[in-house]
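Heads up, the thing below is written out as structure tokens.
The values are calculated or read from the model by the stated rules, or taken from the named source; none is laboratory data. Treat the numbers as computed from the prediction; the structure is a model and nothing was measured. When the accessible area is computed, the model is the full protein with side chains, heavy atoms only, and any ligands, DNA or RNA have been set aside. Shrake-Rupley method; radii C 1.70, N 1.55, O 1.52, S 1.80 Å.
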Amino acid sequence: MQQIVSGDHAAFSELYYRYKDRMYYYFYRMLRNSSELANDFLQELFMKLIEKPESYNPNYSFQTWLFSVANNMCKNEYRRSEVRKEYLTSEALKPKLDYISETPVEPEQLLEKVFQTLTLLGEEHRSAFLLRYREGFSIKEVAEILELPEGTVKSRLYYAKKMLAEKLEYLKDQIEL
Amino acid sequence: MTKKNSDQLFTDLLRNDRIGEPSKAIEDRLMYSFLLKNSSQKLKQNSFASFFGWLFSVQGLGLKTGLVSVILFVSVMNNQINIESGSISCTDTIFTKRVLLADSTSFVQSIDSLRTDSLN
């Protein structure tokens with residue numbers, strides 16, 4: 001980061017390549033699977049780094065800080081979209097969740113059902129789920145990123161898994177919660 | 001059937017999720033913005049505009065007054081020392097008066113008068 005502050009182009013390029021796919025995935029899954037929004041948010045995130053690199057606190061791990069900024073951007077987007085939603089019919093926006101899969105499905109279908117369930121649970125469960133299982137952060141790190149107590153993170157993860165097991169019947173026999 | 005750990009199942013599931021890559025245009029825009037920002041920073045570094053702006057503003061008046069006082073004090077003291085160092089104050093007489101000349105703290109040379117006709 002110090003190299004970026006001093007204007008090292010190669011350092012910025014390396015940082016971008018190291019995190020672009022992870023951050024893009026996070027935005028994509030957090031923002032209703034929209035590649036357009038994910039691209040916009042990815043650009044905005046790195047623009048923040050360019051314009052205010054001094055906002056990074058070196059006492060924290062860089063990736064923890066970066067995901068924390070990304071998560072706050074998503075929260076702001078949810079707030080904005082909540083305002084917009086008032087003008088639309090709420091039924092049209094609700095995810096359809098009338099399935100209960102009793103037989104094994106393909107990984108792609110399973111993922112689709114997982115994210116439909118997580119959408120129903122809300123962004124706070126989805127963010128904890130993604131950070132823990134996709135990014136591999138520890139409970140402590142997830143708590144730090146989401147600015148929550150560790151107990152809350154554990155409870156959100158447990159609740160999300162429980163809900164997924166309920167919706168995907170066949171998983172009940174295959175996994176331990 | 002042995003049960004699989006749910007953490008492992010979801011980790012495997014999500015890590016194998018492929019959604020594509022971000023647009024290349026974003027990378028180009030970001031690299032351009034980074035270069036642009038740093039080039040403008042370098043221009044700023046070579047400019048005196050911010051210094052003059054500070055100098056003629058009301059900011060840091062105490063500091064500026066102090067600096068001016070120090071500069072005045074040094075220049076006044078410097079002039080006084082030059083006068084006392086025995087320069088010829090009057091050339092239309094055959095005598096020039098000199099005051100005590102202090103070369104150092106331990107050496108004080110007293111010259112009451114000096115005949116200038118010896119110069120001729």
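Accessible surface ranking for B:SER39, A:SER13, B:SER50, 1.4 angstrom probe, highest first: B:SER50, B:SER39, A:SER13.
Estimated at the nearest 10 Å², the accessible area of A:TYR25 is 0 Å² with a 1.4 Å probe. Placing A:LYS162, B:LYS37 in order of accessible area, with the largest value first and a 1.4 Å probe, yields A:LYS162, B:LYS37. Volume per residue for segment A:1-93 equals 101 cubic angstrom (convex hull of Cα atoms).
Counting heavy atoms of the protein chains alone, B:THR11 has an accessible area of about 30 Å² for a 1.4 Å probe.
Short-range pairs are left out: with C-alpha atoms under 8 Å and at least six residues apart, the relative contact order of segment A:1-93 is 25 percent.
Counting only heavy atoms of the protein chains and using a 1.4 Å probe, A:TRP65 has close to 40 Å² of accessible surface.
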